[in-house]
Structures are given as C-alpha cells and as structure tokens.
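Here's the structure we're looking at; comments come further down.
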Amino acid sequence: MVAQVWSLLAILFFLSPLRTDALSSNYYDKTCPKLEKTVRNAVKQATASDKTVPAALLRMHFHDCFVRGCDGSVLLSSVGTSTAEKDGPPNVSLHAFYVIDNVKEAVEAICPGVVSCADILALTARDAVALSGGPYWEVPKGRKDGRVSRASDTRQLPAPTFNVSQLMQSFSQRGLSGEDLVALSGGHTLGFSHCSSFQKRIHNFDSSHDVDPTLNPSFTASLKNVCPAKNKDKNAGATMDPSSTTFDNSYFKQLLQGKSLFSSDQALLTTSKTKSLVSKFASSQQAFHDAFAKSMVKMSSLTGEGEVRRKCGKVN
C-alpha cells in the first residue's frame with residue numbers, strides 16, 4: 001500500500017462506484033467452467049518458483065482496486081508519452097506481471113475473449129492468499145477491463161506515512177469501513193518493503209527524536225542495520241513480518257510489540273476502535289482470516305465499465 005500523498009478531489013472524480021449487483025460467483029460457470037482451476041494451477045506453479053509471488057499479486061490487486069476500481073488498469077503498459085499506473089511512483093516496485101500474462105494466455109486457450117484481466121487479477125490474489133495459508137473465499141466475477149491508466153492517478157493510493165484519519169478517509173471514500181481498514185492492513189503479513197517506505201521512522205524522525213519513539217528499540221536496531229542513514233542500496237529493506245511468506249496473524253502481534261514497518265501500521269493503534277481490532281486479530285487468526293476474506297470481497301467489488309482485453313497489457 002505504498003503511495004505518494006493523494007488528492008481527495010481526485011478520488012471523487014476517478015473512483016468507480018461500488019456495484020456488487022453487477023458481479024456473480026457463477027458468472028463463468030457456463031462460458032469458462034475450467035477458469036478457477038486454470039488460475040489456481042498457474043499461481044501454484046509460479047509460487048513454487050518464486051515465494052514472493054503471492055505478496056506481489058495481493059498488492060497488485062489492492063493497487064488496482066484503489067484507483068478507478070478493480071478494472072485491471074494497473075496491468076496496462078505505458079504507451080508513448082502516456083505513462084500508465086504501473087509506472088507511477090507507488091507502483092514501480094510492483095512485480096509478477098508475468099504471472100497475470102501467463103494466466104491470461106492459459107485462459108484464452110480454453111475460452112477466448114471471455115474472461116477479463118480484472119477478474120483474473122482478483123482470482124490470482126485470492127489463490128495467492130489461500131496458497132500461503134490464508135483464507136479462501138468465493139470471488140464474485142464479471143468485472144470489465146478499463147481502457148484508461150494514468151500514473152498521476154496513483155496519488156489516490158494510501159501512503160505508508162498516513163495517519164489514521166487519512167487512512168479512514170481514503171477507505172471510506174471507497175465504501176470501506178474501519179474494520180475493513182484493519183483487516184486489509186493485515187495483508188502486510190506477506191512481502192517485503194524497501195527502506196524508502198520507513199526510513200523516516202528510523203532516521204531524523206522529528207525535531208525531538210531521531211527515531212519514532214513508538215518503535216521497539218531492538219527492532220529499530222535491526223532496521224538501522226539494513227537501512228543506514230545514507231543508504232545507497234535501493235534494493236535494501238525488510239520483510240513485513242518474520243513469517244513473510246505465510247498468511248498468518250503475525251503482523252498484528254508484531255504491531256502490538258512496536259515492530260511495524262510503516263507509520264500507517266502504527267496509526268492503527270491510535271484510536272480505540274482500530275486498536276481493539278488489532279488486538280482481536282492478534283489473539284485470533286481465525287477472526288482475522290474471516291474478516292480479511294469478507295473485506296476482500298467488499299473491496300474487489302469496486303467495478304467500472306470497460307471491455308474484455310485480449311492481452312492484459314494493452315487495450316483492444
């Protein structure tokens with residue numbers, strides 16, 4: 001969930017409406033009955049070769065849905081002087097687009113011109129979570145692929161520096177609640193973050209502190225070791241939690257111990273409502289999994305108008 005500072009006015013113009021009525025879990029039952037098995041096998045194969053794939057697919061889906069709704073616009077490539085979302089500052093670290101391309105190719109072979117790239121992305125995100133030990137949920141389908149993708153729109157993504165008010169505002173503009181915010185933040189249990197996303201917390205935090213005082217001292221020391229003040233390694237960083245390839249509730253446990261990477265993670269402890277949810281999910285992995293699955297269905301139901309692309313990287 002990495003981004004630059006977003007514009008509230010931009011959200012009002014670009015956000016697609018929540019249209020759960022347009023989607024159906026059995027949308028492709030007759031037109032592409034082997035869809036889900038095909039997607040699952042492709043994600044399983046990709047994950048076997050690269051353990052970072054699940055985190056990449058989940059993050060890609062989130063970044064897609066928070067800009068123009070879940071329309072696959074994050075998959076489009078830049079054309080000429082028109083810079084697409086995937087090349088915007090918050091998305092340059094996205095990867096595993098090849099997985100989506102491979103899935104699309106496999107799906108086109110069995111049911112050409114039927115399944116949207118947006119639906120494929122939603123399905124791969126679900127399977128990525130499930131294959132990592134997380135919950136499985138029925139994915140409502142029937143999304144269309146958008147034809148517009150602008151790097152400037154990625155300013156709408158919630159940034160790792162956001163406070164709780166900014167996070168709440170960002171999520172509420174998309175019809176998502178405080179519980180959705182905390183549950184979906186749990187997606188940070190997968191993956192890796194570069195130093196740039198949390199450098200400010202461990203070096204020159206403010207006029208009174210070099211380090212964010214909410215951080216655990218030993219955790220701070222470990223972060224400073226990999227991310228020194230004058231870090232020259234752009235690939236340096238840290239895993240989101242110790243079990244970064246397993247979809248568990250470690251993120252919430254770490255958060256309560258002052259061992260979160262982002263300011264936006266720490267922000268979840270600054271209101272009684274969000275903190276109580278963090279504690280609930282830290283004490284019950286099942287409660288977290290149930291809430292995450294519910295919130296993912298809700299978030300992924302943000303849809304818009306469009307087409308069914310023949311290739312996910314370009315419009316028809």
Exercise for review: Treating the angle as unsigned and between 0 and 90°, give the value, to the nearest 10°, between the Cα long axis of helix 217-226 and the longest Cα principal axis of the chain.
Suggested key: 60
Revision key, fill the gap. Semi-axes (Å, rounded, descending) of the ellipsoid equivalent to region 233-316 per its C-alpha gyration tensor are 31, 20, 13
Study note, to complete from the structure: Most fluctuating of Cys195, Cys117, Cys65 in the GNM of the chain (C-alpha, under 10 Å) is Cys195
Revision key, fill the gap. The helix 272-283 Cα axis meets the longest alpha-carbon principal axis of the chain at an angle in degrees, between 0 and 90 and rounded to 10, of 80
Check your understanding: Leaving out ligands, DNA and RNA, what percent of the accessible area of the chain is carbon and sulfur, probe 1.4 Å?
Key -> 53
**Study point:** GNM result for the chain, Cα springs below 10 Å: residue of Ser244, Ser196, Ser132 fluctuating most strongly
**Key:** Ser196
Exercise for review: Roll a 1.4 Å probe over the protein chains and send me the accessible area per residue for the chain in Å².
Suggested key: 43
Check your understanding: Pick from Asp127, Asp101, Asp71: which residue has the top mean-square fluctuation in a GNM of the chain where Cα pairs under 10 Å get a spring?
Key -> Asp101
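Checking the table Lys259/Lys298; Lys30/Lys104; Lys86/Lys200; Lys104/Lys314; Lys200/Lys224 against a 22 Å threshold on Cα-Cα, which pairs fail?
Checking Cα-Cα distances, Lys259/Lys298; Lys86/Lys200 exceed 22 Å.
Suppose only helical runs count, i.e. DSSP H with n ≥ 4. What mean residue ellipticity at 222 nm does that imply for the chain under -39500 (n - 2.57) per run, divided by all residues and rounded to the nearest 500 deg cm²/dmol?
Estimated from H runs of four or more residues: -12500 deg cm²/dmol.
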Practice item. Round to the nearest 10 and give me the degree value, 0 to 90, for the angle of helix 117-131's Cα axis relative to the longest principal axis of the chain. Key: 50
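Dividing the alpha-carbon Rg of the chain by 2.2 N^0.38 Å yields what?
Values: Rg = 18.9 Å, N = 316, 2.2 N^0.38 = 19.6 Å.
For the chain, the normalised Cα radius of gyration comes out at 0.97.
The values are calculated or read from the model by the stated rules, or taken from the named source; none is laboratory data. In this text, all values refer to a predicted model and were calculated from it rather than measured experimentally. The protein model used for the area step is the full one, side chains on, heavy atoms only, and it has no ligands, DNA or RNA in it. Shrake-Rupley method; radii C 1.70, N 1.55, O 1.52, S 1.80 Å.
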